[in-house]
Amino acid sequence: MGIFDKFKGKAEGLKDKAGDLVDQHGDKVGEGLDKAGHLIDEKTGGKYGDKIDQGVEKAKEGLDNLDGQNDDIPDKNRPA
């Protein structure tokens with residue numbers, strides 16, 4: 001077993017743990033991402049608001065799809 005195989009195994013384990021966390025606390029994860037986006041938007045004076053919103057949505061989609069389903073992070077802009 002090579003070093004990259006070990007890293008791959010660890011990465012898969014972390015992905016599974018993250019997926020479980022999102023399954024259990026998807027609403028809080030979504031709220032945290034929204035808060036982070038708002039903070040960044042404030043710090044940049046609203047200059048990059050559209051890009052920040054897109055990034056937050058992509059992060060939500062990526063985290064929500066860790067288990068292959070789009071059902072854990074509620075958002076009024078996306079179907080659950």
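The values are calculated or read from the model by the stated rules, or taken from the named source; none is laboratory data. The structure displayed is predicted, hence computed values, not measured ones. Here the Cβ positions follow ideal geometry from the backbone for every residue, glycine too, while neighbour counts run over all protein chains shown.
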Condition met for Lys6 (modelled with pLDDT of 85 or more and surrounded by fewer than 13 Cβ atoms within 10 Å (Cβ to Cβ)): no
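In this structure, does Asp72 turn out to be within 13 Å of the chain's Cα centre (by Cα), outside any helix (DSSP H, G or I) and surrounded by 11 or more Cβ atoms within 10 Å (Cβ to Cβ)?
Yes; evaluated as a whole, the condition is true for this residue.
Residues checked against (1) loosely packed, with under 11 Cβ neighbours inside 10 Å; (2) of a type in the set (Lys, Arg); (3) assigned to a loop (DSSP other than H, G, I, E, B); (4) within 14 Å of the chain's Cα centre (by Cα):
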residue	(1), (2), (3), (4)
Glu12	yes, no, no, no
Lys15	no, yes, no, yes
Asp34	no, no, no, yes
Gly37	no, no, no, yes
Ala59	no, no, no, yes
Pairs where the first residue, in region 42-63, is without any contact (Cβ under 8 Å) to a residue 40 or more places away in the chain and the second is among the aliphatic types (A, V, I, L, M) and surrounded by 15 or more Cβ atoms within 10 Å (Cβ to Cβ), C-beta under 6 Å, 6+ apart: Ile52/Ile40; Val56/Leu33; Ala59/Leu33; Lys60/Leu33; Lys60/Ile73
